[in-house]
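Visitor: One structure follows; several queries about it will come next.
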Amino acid sequence: MSEDPKQEFLCDGMTEEIITALSKVPRLFVIARNSTFTYKGKPVKIKQVSEELGVRYVLEGSFRRSGDRIRITAQLIDALTGNHLWAESYDRDLKDIFALQDEITMKVLIATQVKLFEGGQIWRTEKFFKGKQHLDCDLKLTEAMGYSDRWNIEDNNLARRMMEEAIVMCPDNPKAYVLLGWVYKRDYQLGNTKSLVRLLRNLWNWPQKPLP
C-alpha cells in the first residue's frame, strides 16, 4: 500500500517467510507462494480465492511504510462463512526488519494454530519467542511433531533427534521438554522400547547420557 514501489520487495520477502513458516505446521495445508502471489494487488473476493485454490481459510494482509515507520495488518478469514477468525495490526519502527519479520511470523503462526486446531487454547510460552533463534526452535519442534505423528519408529526417532536439537538451541523453552516427553511415550507405544521405567528414567536424566 506504500506509494514507493521499491517497498514491494520488502513486502514480498516478509510474506514468503510467513508462508514458509506456516507450511511447516502439521495438518496445515498451505498454498505455495507462486500461486498465492497471483492475487497480489487485485480486488478479488475471499470466496473466489478459496474456490480457485481449494482452501477453507485465507490469510490476507497489507503492508505500508512511511519514513522509518511500518504498519502491517493481517487477518485470518473462514472463506465458507466470511467470518474473521483473527485479526491484528502491527506498528513498528523499521530499525531491524528481520526482527520485526520474525515477530510477526511467530504471532501469525501461533494464532493460526490456535484458531484452526486448538479451540482457542495456546501454549503459554510466547515470552520465549524472541528473535530468530527462538523462531527457528519453535519451527523445529513443530516439524518434529509432524514426523512423530506418522506413527512409525523411523520418523519418531527423527522427531526425537530434532527435539533434542531444539532443546540445545533454546533450553529455557518448556514446550520442547513436554513434546520430547510425548515422543518418548510414543516410543513405548510403537514398541521401540520394552521398558517404560527405563524410558522415564532416560527422560528424567535428559540431556545427560541415558542410563543403561
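The values are calculated or read from the model by the stated rules, or taken from the named source; none is laboratory data. Predicted, not measured: the structure shown is a model, and the values here were computed from it. Note that each Cβ is placed from the backbone with ideal geometry, even for glycine, and that neighbours are counted across all protein chains shown. Protein only, heavy atoms only, side chains kept; ligands, DNA and RNA dropped before computing areas. Shrake-Rupley method; radii C 1.70, N 1.55, O 1.52, S 1.80 Å.
Visitor: Can you pull out the residues in the stretch 134-156 that are over 17 Å from the mean Cα position of the chain (by Cα), open to solvent by 40 Å² or more (accessible area, probe 1.4 Å) and touching a residue at least 24 places away in the same chain (Cβ under 8 Å)?
Guide: Selection gives 151, 152, 153.
Visitor: Under the condition of being assigned to a helix (DSSP H, G or I) and touching a helix residue (DSSP H, G or I) at 6+ places or on another chain (Cβ under 8 Å), which residue from the stretch 147-160 is farthest from residue 24 (Cα to Cα)?
Guide: Step by step, filter the stretch 147-160, then rank; the result is 153.
Visitor: Say we look at the stretch 1-21 and pick out the residues that are open to solvent by less than 80 Å² (accessible area, probe 1.4 Å) and part of a loop (DSSP other than H, G, I, E, B); which of these is modelled with the highest pLDDT?
Guide: My answer is 4.
Visitor: Of 112, 125, which residue is at pLDDT below 75, within 14 Å of the chain's Cα centre (by Cα) and farther than 20 Å from residue 23 by Cα?
Guide: 125
Visitor: Does residue 41 satisfy being out of contact with any Ser or Thr (no Cβ under 7 Å at 6 or more places or on another chain), modelled with pLDDT of 85 or more, open to solvent by 40 Å² or more (accessible area, probe 1.4 Å) and over 15 Å from residue 105 (Cβ atoms)?
Guide: Considered against the rule, which asks whether it is out of contact with any Ser or Thr (no Cβ under 7 Å at 6 or more places or on another chain), modelled with pLDDT of 85 or more, open to solvent by 40 Å² or more (accessible area, probe 1.4 Å) and over 15 Å from residue 105 (Cβ atoms), residue 41 comes out as no.
Visitor: If you check every pair at least six apart or on different chains, which have Cβ atoms under 6 Å apart with a residue in the stretch 26-47 that is touching a residue at least 12 places away in the same chain (Cβ under 8 Å) first and a residue that is open to solvent by 50 Å² or more (accessible area, probe 1.4 Å) second?
Guide: The qualifying pairs are 26/149; 33/16.
Visitor: Hey, another quick one. Is there any pair linking a residue in the stretch 49-66 that is within 16 Å of residue 32 (Cβ to Cβ) and open to solvent by less than 70 Å² (accessible area, probe 1.4 Å) to one that is of a type in the set (Gly, Ala, Ser) and in a strand (DSSP E or B), with Cβ under 7 Å and at least six apart or on different chains, and which?
Guide: Once the first residue is within 16 Å of residue 32 (Cβ to Cβ) and open to solvent by less than 70 Å² (accessible area, probe 1.4 Å) and sits in the stretch 49-66, its partners that are of a type in the set (Gly, Ala, Ser) and in a strand (DSSP E or B) give 59/74.
Visitor: Could you count how many residues in the stretch 168-212 are closer than 19 Å to residue 146 by Cα and at pLDDT below 60?
Guide: Qualifying residue count for the region: 0.
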